[in-house]
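Each remark here refers to the structure printed beneath this line.
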Amino acid sequence: MSIEEITTGIGLVKTAAETIRTVAGMLPKSPKKEEVEKQLQQADNNFRAAEAKVAQSLGYDLCQCSWPPQIMLKVGGRGPDIITECPRCKHRIGDDQPLPDNWQDCP
């Protein structure tokens, strides 16, 4: 399976989850709506954990500032000197930058 196929599959699942969330938002307030919202939150957490696992298997760094882990993005460097950064807490790997003081306070 290619990276493009994996990315496309993840995108389709994400779109489906967003559609379900939109429809659930249209439900009248009730105990069933609260249960649907709770289940959607659990599905979203499971999806993000699976997305992080796939990213890790493809060689991406993960930041542990939240659960599920954040996928770190390439922000510079080349070859073995790649610098990655967490989009949430801004922790970097590869440039000897110290861990941000607020990394535990990420939303």
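When the chain is treated as a GNM with alpha-carbon contacts under 10 Å, the residue of Ile71, Ile82, Ile93 showing the greatest mean-square fluctuation is Ile82. Take the convex hull of the alpha carbons in region 1-59; its mean projected area over all directions comes to 4.1 nm². The mean of 1/r over all pairs of different alpha-carbon atoms in the chain, once inverted, gives a Kirkwood hydrodynamic radius of 15.9 Å. Only lysine pairs 8 or more places apart or on separate chains count here, and in the chain those with Cα atoms under 26 Å apart total 12.
Put a dot 7 Å past the Cα of Gln41, heading toward its Cβ, do the same for Ile10, and the two dots end up 2.5 nm apart.
In degrees from 0 to 90, rounded to the nearest 10, what is the angle of the helix 3-25 Cα long axis to the longest principal axis of the chain? The angle comes out near 40 degrees. Rounded to the nearest 10 degrees, the inclination of helix 31-57 to the longest alpha-carbon principal axis of the chain is 20 degrees. For Val23 and Ala50, a Förster radius of 25 Å and the Cβ-Cβ distance give a FRET efficiency of 0.70, rounded to the nearest 0.05. The length gained by stretching the chain between Ser57 and Asp81 to full extension, at 0.36 nm per residue less their Cα-Cα distance, is 6.7 nm. Counting neighbouring beta carbons within 10 Å and listing from fewest to most, the residues Arg78, Arg21, Arg92 come out as Arg78, Arg21, Arg92.
Rule-based calculations on the coordinates, nothing more; no lab input. In this text, all values refer to a predicted model and were calculated from it rather than measured experimentally. Note that we place each Cβ from the backbone using ideal geometry, even for glycine, and neighbour counts take in every protein chain shown.
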